[in-house]
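What follows is a structure written as structure tokens; I'll ask about it next.
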Amino acid sequence: MLKILFASARQGYQTSAYPKADPPLPDRFRGLPVIDRTHCTSGCRLCIDACPAAALSGGAVLDLGRCLFCGACERVCPSGTIKFSQDYRLSTGKREHLVMGNETLALAAALDKKSRSLFGRSLKLRQVSAGGCNACEADTNVLSTVGWDLGRFGIQFVASPRHADGLLITGPVSNNMLSALKKTYDAVAWPKLVIAVGACAVSGGLYRGLPDVNNGADQVLPVDLYVPGCPPHPLTILDGLLRLLGKI
Amino acid sequence: MNTADFSFCYNGQALGLDGLPLLSPASFRMAVLRAVAEGARISALFGMPEEHPGVKAPGGAAGQGAIRLVAVLACDAEAQLAVATTLAGTSYEALTPECPQACWFEREINEQWNVLPEGHPWLKPIRFHRPYAANQPEHKPCIGVTDFFRVGGPEIHEVAVGPVHAGIIEPGHFRFQCHGEEVKHLEISLGYQHRGIEQALAGGPDTRTMHYMETLAGDTTVGHSLAYCQAMEALAGCRVSPRSLALRGIALELERAANHAGDLGALAGDVGFLPTAAYCGRIRGDFLNMTALLCGSRFGRTMIRPGGVSFDCEEQRAAELLSRLKKAARDSAGAVNLLWETPSVMARFENTGAVARGTAEDLGLVGPAARACGLVRDARYNFPSGIFRFAQIPVATEAAGDVFARAYVRWLELQRSLEFIENQIQRMPSGDSAAELKAPAADSLAVSLVEGWRGEICHVAVTDSRGRFIRYKIVDPSFHNWFGLAIAMRNQQISDFPLCNKSFNLSYCGHDL
Ligand code: SF4
Ligand code: SF4
């Protein structure tokens, strides 16, 4: 017992100050891309050809929902059109908002008043991995550790869909998970939320178009929050959840 | 082992397809059985389409042609890999009855290529997908629908769990045959995470290939990336700079440290010992953040590329890494050693889910699960490649084969990984970190082994006459070990399943591909 107390004292208080202060991100972290098209010679196609996820189209229009944040486009672009910033805030409420034309990214809006009164103080989520690679799952799971302490925001992951207010889906929705995913959704009582985490769940990501997957959660269920990334940083996921609940 | 039946190579070496011995199915069977009886083990056993002169079929479609079976055997003592091949026709005599470690491989061959291993005792789908072969009738199996093994008797009941489990975990189906609390048999039925990666790889390499490797099992991004790059470098005859090798080694061991720390915490959580669970959950994050310090991604995405690494580690960064590493080493010792000193934890860990050494050998287990049974089986030691040719990490083993042994092996490995990283940072060779890579050689086969944190990762790349992949075979360590978990559960309390499961902590997507 004493040893445990000593160990506790040595480990100290470890919960991040977020959202009061932003925790430090590594300098090589690739967050929101900043696209400056003044020097883009559209037609050069270098970024389009380098992109593994078909996230780019002519004139450096970038679909964040497909992007793996691999940085290949940034590396090949001769004019410095695409640069990845440290901005971790990426989640949107609508799929089309993730396609980055000239407007600034429209981050997710808070739920309406009624939903907020239902979910705002207590949101229970059931996580379903439907072909996810276990990185999105791991960085969702990490939110429940002492470092992030998701519980202090009233959000908790629960074991049964019957106890849940919504689903948090990862993976492109493999054919073999399609029916289990639908059944899990059906088992959640109304009103319910669906959150798609990661390029796979948002659009199919790298796996888009393969015959064994369904190109993302919104091909199967209505989605309320899109969290891009491969995988999204835990901070990106948390930011999305808190935005949805109107807490930031 | 009759050496004339095999071609031999080292880890990360390419062989010409023409030079591979093509045996008759009967002598192929005899050769593999004999080698395994003499101590070799199956690293990979798979089918691939024969390329037809004139009819090139790189897209993974088998054309009309025959299926060539390829066996890659690991001879641990000799540090050599032995490759034998045969043409299978529509059926051949199964190896499994005499060689249990062939079981899942032959099920896979059957499912992918519709080649029948005659006499296979347990022939059922493994991932529930359509066969690869183009000339096969359109047959779509239904996930999870198979004839589960049943134990008879009026007092036996069946417990079905999954695919969707409690907690944030990937999907899979577990079917227990129980007598009261006691599990008589557990059958594990997977395939829910199948995304069709191997098929998508055929015809490559292309811009997507590297990213499939990074995400085929996201918690093993570095391990699988490294296995792929080693295979590509073998095919292209590329030498990787010592600095890149060191950085790759650091990334690989950081991945091991993060996952081992996470597993130790989760094991503590499964027996209700919350201090270690809480500390290790956070310490795991510290290791992931060290990987992010190197390359921006907590999982090592984009870190490793054919020919080298994409990010260098300048002096200041190395110093930062070193200081974080020392702190994490202290923190993990404080957190993990509590486990071994707490009787209530040890009472749950010891004698739970024991696998006998002989069983582990028969099943061909790999990684910490094998080393916990006393087997000296570690690709970093048996098949050293890259940095491990210059810097050795001692193999950590335990004897008991139970949950305790699997946990303790992880703890030993975690400490040794940290020592290794520290050494590497202090003695980082100077020089370039990236290199140009030539096109892969045509008509070749390269085998690449990496000791990932779960165990041996085996990649086999086979190119056609244009240097494109006619087949790219991936064997995640989980593919060897899932059956080990089923055996570990025999005669255990069903309530011990979460603990046993966590002590193996196998990959679903790495298995399902
Ligand atoms: S960072 Fe995104 S847009 Fe750029 S190449 Fe990678 S996947 Fe494509
Ligand atoms: S988005 Fe990326 S990290 Fe997430 S499940 Fe898909 S491949 Fe894995």
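If you take every DSSP beta bridge whose two residues both sit in segment A:113-244, what share of them, in percent to the nearest 5, is antiparallel? Mind dumping the intermediate values first?
On the way: 1 of 17 bridges.
Rounded to the nearest five, the antiparallel share is 5 percent.
How large is the dipole of segment A:113-244 about the Cα centre if only Lys and Arg carry +1 and Asp and Glu carry -1, each at its Cβ, rounded to the nearest 20 debye? Walk me through the intermediate numbers first.
Working: 13 positive and 9 negative charges, 116 e Å.
Dipole size: approximately 560 debye.
Continuing with the same structure: In the full protein assembly as shown, how much of B:T352 is accessible to a 1.4 Å probe, in Å² to the nearest 10?
10
Also, I was wondering about something else. Given the Cα-Cα distance of B:C142 and B:Q316 and 0.36 nm per residue of separation, how much length would full extension add, in nm?
On the way: separation 174, 0.36 × 174 = 62.64 nm, distance 5.48 nm.
Computed gain between B:C142 and B:Q316 is 57.2 nm.
Let me ask something else about it. Rg and Dmax of segment A:71-159, Cα atoms, in Å?
Here Rg and the maximum Cα pair distance are 17.2, 50 Å.
On to the next question. Would you calculate the separation in nanometres between label points at A:V146 and B:E350, each defined as 7 Å from the Cα along the Cα-to-beta-carbon direction?
A separation of 2.8 nm, rounded to one decimal place.
In degrees, nearest 10, range 0 to 90: what is the angle between the Cα axis of helix A:175-187 and the longest Cα principal axis of chain A?
50
A further question follows. Which whole-percent values make up P(r) of segment B:355-427 when all C-alpha to C-alpha distances are grouped in 10 Å steps starting at zero?
21, 46, 26, 7, 0
Right, here's the next one. Leaving ligands, DNA and RNA out of it, rank B:I126, B:I156 by accessible area with a 1.4 Å probe, largest first.
Values: B:I126 5, B:I156 40 Å².
Final ranking, largest accessible area leading: B:I156, B:I126.
Where the only charges are on Cβ atoms (+1 Lys, Arg; -1 Asp, Glu), what is the dipole of chain B about its Cα centre, to the nearest 20 debye? Intermediate values should be presented prior to the final figure.
Numbers: 47 positive and 55 negative charges, 168 e Å.
In debye, rounded to 20, chain B gives about 800.
Can you tell me what share of the DSSP beta bridges in chain A is antiparallel? A percent to the nearest 5 is fine. Don't skip to the answer; put the middle values down first.
Values: 9 of 25 bridges.
The answer is about 35 percent antiparallel.
Next question, about the same structure. In whole Å, what is the distance between the alpha-carbon centres of segment A:101-146 and segment B:97-136?
If we compute the Cα centre of each part, the gap is 40 Å.
Modelled label-to-label distance, B:A77 and B:L33, 7 Å Cα→beta-carbon offset: nm?
My value for the distance between the label points is 2.2 nm.
Please list 3J(HN,Hα) in residue order for segment A:74-86, calculated via the Karplus relation 6.51 cos²θ - 1.76 cosθ + 1.60 where θ = phi - 60°; whole Hz, with x for glycine and proline.
Couplings: 4, 5, 7, 5, x, 9, x, 5, 9, 9, 8, 9, 8 Hz.
Per-residue HN-Hα couplings for segment A:103-110, Karplus 6.51 cos²θ - 1.76 cosθ + 1.60 at θ = phi - 60°, whole Hz, x for Gly and Pro?
3J(HN,Hα) across segment A:103-110, in whole Hz: 6, 6, 4, 7, 5, 4, 8, 6.
So, one more: Angle check, please: helix A:2-11 long axis (alpha carbons) against the longest principal axis of chain A (alpha carbons), in degrees 0 to 90, nearest 10.
That helix lies at roughly 30 degrees to the long axis.
What Kirkwood radius, in Å to one decimal, follows from the Cα pairs of segment A:113-244? Could the numbers behind the result be given before it?
Values: mean 1/r = 0.0690 Å⁻¹.
Result for segment A:113-244, one decimal place: 14.5 Å.
Semi-axes, largest first, in whole Å: what does sqrt of 5 times each Cα gyration tensor eigenvalue give for segment B:280-383? If you can, show how the numbers build up before the last one.
Values: eigenvalues 215, 104, 23 Å².
Working from the Cα gyration tensor, I get semi-axes of 33, 23, 11 Å.
Now a separate question. Report the Rg/Rh value for chain A, based on alpha-carbon coordinates and the Kirkwood definition of Rh. Walk me through the intermediate numbers first.
Working: Rg = 19.1 Å, Rh = 19.0 Å.
Rounded to two decimals, Rg/Rh equals 1.00.
While we're here: If I model a spin label at B:D206 and B:Q426 as a point 7 Å from the Cα along the Cα→Cβ vector, what separation in nanometres do I get?
4.8
Would you work out if chain B is rounded, prolate or oblate? Take a ≥ b ≥ c from the square roots of the eigenvalues of the alpha-carbon gyration tensor; rounded if a/c is under 1.5, else prolate when a/b is larger than b/c, oblate otherwise.
Working: a/c = 1.73, a/b = 1.09, b/c = 1.60.
Oblate, since a/c reaches 1.5 and b/c is not below a/b.
Computed from the mean reciprocal separation of all distinct C-alpha pairs, what Kirkwood hydrodynamic radius does the protein assembly as shown have, in Å?
Details: mean 1/r = 0.0379 Å⁻¹.
Kirkwood hydrodynamic radius for the protein assembly as shown: 26.4 Å.
With N set to the residue count of segment B:3-118, report its C-alpha Rg divided by 2.2 N^0.38 Å to two decimal places.
Working: Rg = 13.9 Å, N = 116, 2.2 N^0.38 = 13.4 Å.
For segment B:3-118, the normalised Cα radius of gyration comes out at 1.04.
At 0.36 nm per residue, minus the direct Cα-Cα distance, what do B:H179 and B:R324 gain on full extension? Give it in nm, one decimal, please.
Numbers: separation 145, 0.36 × 145 = 52.20 nm, distance 5.00 nm.
Extra length available between B:H179 and B:R324 comes to 47.2 nm.
Span-like helices, chain B: DSSP H, alpha-carbon axial extent 27 Å or more, mean Kyte-Doolittle 0.5 or greater, which ones? If you can, show how the numbers build up before the last one.
On the way: long enough: B:242-270 (42 Å, 0.06); B:274-295 (32 Å, 0.62); B:315-341 (39 Å, -0.41); B:403-426 (35 Å, -0.13).
Qualifying helices: B:274-295.
Please list, in chain and number order, the residues 5+ apart from A:V34 or on another chain whose amide H is under 5 Å from its amide H, with Hs placed from the backbone.
A:K83, A:F84, A:S85
How big is the accessible area of B:Y10 in square angstrom, nearest 10, if you roll a 1.4 angstrom probe over the protein chains?
Its heavy atoms expose roughly 130 Å² to the probe.
Related question: Which percentage, to the nearest 5, of the DSSP beta bridges contained in the protein assembly as shown is antiparallel?
Values: 62 of 83 bridges.
The antiparallel proportion sits near 75 percent.
Classify segment A:173-248 as rounded, prolate or oblate from the Cα gyration tensor: take a ≥ b ≥ c as the square roots of its eigenvalues, call it rounded if a/c is under 1.5, otherwise prolate when a/b beats b/c and oblate if not.
Numbers: a/c = 2.76, a/b = 1.24, b/c = 2.23.
Oblate.
Now, a different point. For A:R95, what accessible surface area do you get with a 1.4 Å probe? Give it in Å², rounded to 10.
Result for A:R95: roughly 50 Å² accessible.
For every helix of n ≥ 4 consecutive DSSP H residues, a contribution of -39,500 (n - 2.57) applies; sum these over chain B, divide by its total residues, and give [θ] at 222 nm rounded to the nearest 500 deg cm²/dmol.
Numbers: 16 runs with 201 residues, N = 513.
Using -39500 (n - 2.57) per qualifying helix, the result is -12500 deg cm²/dmol.
Can you give the relative contact order of chain B as a percent, counting alpha carbon pairs under 8 Å and 6+ residues apart? Mind dumping the intermediate values first?
On the way: 1088 pairs, mean separation 97.3, N = 513.
Relative CO of chain B lands at 19 percent.
I would also like to ask the following. To the nearest 0.05, what FRET efficiency results for A:V158 and A:K3 with a Förster distance of 30 Å applied to their C-beta separation?
So the FRET efficiency works out to roughly 0.35.
Hey, another quick one. Place a +1 charge on the Cβ of each Lys and Arg in the protein assembly as shown and a -1 charge on the Cβ of each Asp and Glu, then give the dipole magnitude about the Cα centre in debye, rounded to the nearest 20.
Values: 74 positive and 74 negative charges, 390 e Å.
So the dipole magnitude of the protein assembly as shown works out to roughly 1880 debye.
Another question, then. Would you be so kind as to identify which of B:A319, B:L33, A:G80 lies farthest towards the positive end of the dipole of the protein assembly as shown, taking Lys and Arg as +1 and Asp and Glu as -1 on Cβ and the Cα centre as origin?
Comparing the listed Cα positions along the dipole, A:G80 ranks first.
Assuming 0.36 nm per residue, please report the length gained on full extension of the stretch A:D49 to A:R10 beyond their Cα-Cα distance. Write out the running numbers ahead of the final one.
Details: separation 39, 0.36 × 39 = 14.04 nm, distance 5.13 nm.
Extra length from A:D49 to A:R10 when fully extended: 8.9 nm.
Ranked by accessible surface with a 1.4 Å probe, highest first, in what order do A:K83, A:K113 come? Before the final figure, lay out the partial values.
Details: A:K83 105, A:K113 165 Å².
Most to least solvent-accessible, the answer reads A:K113, A:K83.
To continue, here is another question. What order do B:I42, B:I169 take when sorted by accessible area (1.4 Å probe), most exposed first? Numbers along the way, then the final one.
Values: B:I42 5, B:I169 55 Å².
Output order, biggest surface exposure first: B:I169, B:I42.
Still on this structure, I have one more. Through the Karplus equation 6.51 cos²θ - 1.76 cosθ + 1.60, θ set to phi - 60°, convert the phi angles of segment A:44-52 into ³J(HN,Hα) values in whole Hz; use x for Gly and Pro.
Result, rounded to whole Hz: 6, 6, 4, 5, 4, 5, 7, 6, x.
Let me ask you something else. Between B:L45, B:G12, B:G467, whose Cα lies farthest towards the positive end of the dipole of chain B when Lys and Arg beta carbons carry +1 and Asp and Glu beta carbons carry -1, centred on the Cα centre?
Value computed over the given set: B:G467.
Ok, one more. Between B:A442 and A:V34, what FRET efficiency follows from the Cβ-Cβ distance if R0 is 35 Å, with the result rounded to 0.05? All intermediate terms of the calculation are to be shown ahead of the outcome.
Values: r = 43 Å, r/R0 = 1.22.
Efficiency for this residue pair is about 0.25.
What FRET efficiency, computed as 1/(1 + (r/R0)^6) with R0 = 30 Å and r the Cβ-Cβ distance, is obtained for B:F390 and B:W340, rounded to the nearest 0.05?
Details: r = 33 Å, r/R0 = 1.09.
Plugging the Cβ-Cβ distance into 1/(1 + (r/R0)^6) gives 0.35.
Using Cα pairs closer than 8 Å and at least 6 residues apart in sequence, work out the relative contact order for segment B:3-118, in percent. Kindly include the intermediate steps, with their values, before the conclusion.
Numbers: 195 pairs, mean separation 34.2, N = 116.
Across segment B:3-118, relative contact order equals 29 percent.
Considering Cα pairs under 8 angstrom that are at least six residues apart, work out the relative contact order of segment B:332-393 and quote it in whole percent.
18
The values are calculated or read from the model by the stated rules, or taken from the named source; none is laboratory data. Please read all numbers here as calculations on a predicted model, not as lab measurements. Because the Cβ atoms are built from the backbone with ideal geometry, glycine has one as well, and the counts that use them run over all protein chains shown. All accessible areas refer to the heavy atoms of the entire protein, side chains included, with ligands and DNA or RNA removed. Shrake-Rupley method; radii C 1.70, N 1.55, O 1.52, S 1.80 Å.
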